[in-house]
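Okay, structure first, notes after.
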Amino acid sequence: MDYQNILKYGVLAVTTLLFAQLASTAFAQSPVLQENPSVLQKPISQKPTSQNKGLSFVRSLEATDKVVGIVKLHCTGANESTGADKTYKCNPYQGDMLCSVELPVLCFKDIGALAPSSLKDPQYWSGGIVVTTPKVAGDKFKNIASVNAYCAAEFGRGWRAASFHDGGGWGIQAYGNVGDATQRVWVDIKDQKDGTCWSR
């Protein structure tokens, strides 16, 4: 290869490299990228949106103490969507209700209360109070902080989303009640990343 060809290809290579560098700098400084830096981040692997599910509990009809004012919610129970003669079981590992479904959030406030002496079965006693919010789709919440904030906005300081483990696991007993005995409610779980509609 003669000197002129070497010079020609050398200039072409330098020009190409310089253009690529300028283009990269311009893209990095673009308003779109600066406002949305996540566009270059590889998305976290997750289940398809149509399959995203969250954990839910339902009120246990046979274990509600109307005199003392205690309600028990459990993993299983009569559910209006499955029929009164059937039971629906929750799934704390992968969720059991589609995140697009609107359910009340079960909110909880820990008051450190001892189980009443008149309580026949203290299993799942949480020492707190539970209430339910208006219905909301589980996928409306980005993370657990936003769910807790939702409970606090509805009921005040100290309220948060009820957790799977507030009653020891698989159920919870507390003062309070839920609006609909057959309506399942959103519940959080701390140690199962695929068990809720929201992240930690």
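Listed values, structure above:
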| read-out | value |
| --- | --- |
| Extension gain from Thr182 to Lys140, taking 0.36 nm per residue of separation minus the Cα-Cα distance | 12.9 nm |
| Length gained when the stretch His165-Thr76 is fully extended (0.36 nm per residue, less Cα-Cα span) | 30.5 nm |
| Distance between modelled label sites at Gln94 and Gln192, nm, 7 Å Cα→Cβ extension | 1.1 |
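Read the figures in this text as sums done on the coordinates, not as results from a lab. Bear in mind that the values here come from a model prediction, so they are computed numbers and not experimental data. We place every Cβ from the backbone using ideal geometry, glycine too, and count neighbours over all the protein chains shown.
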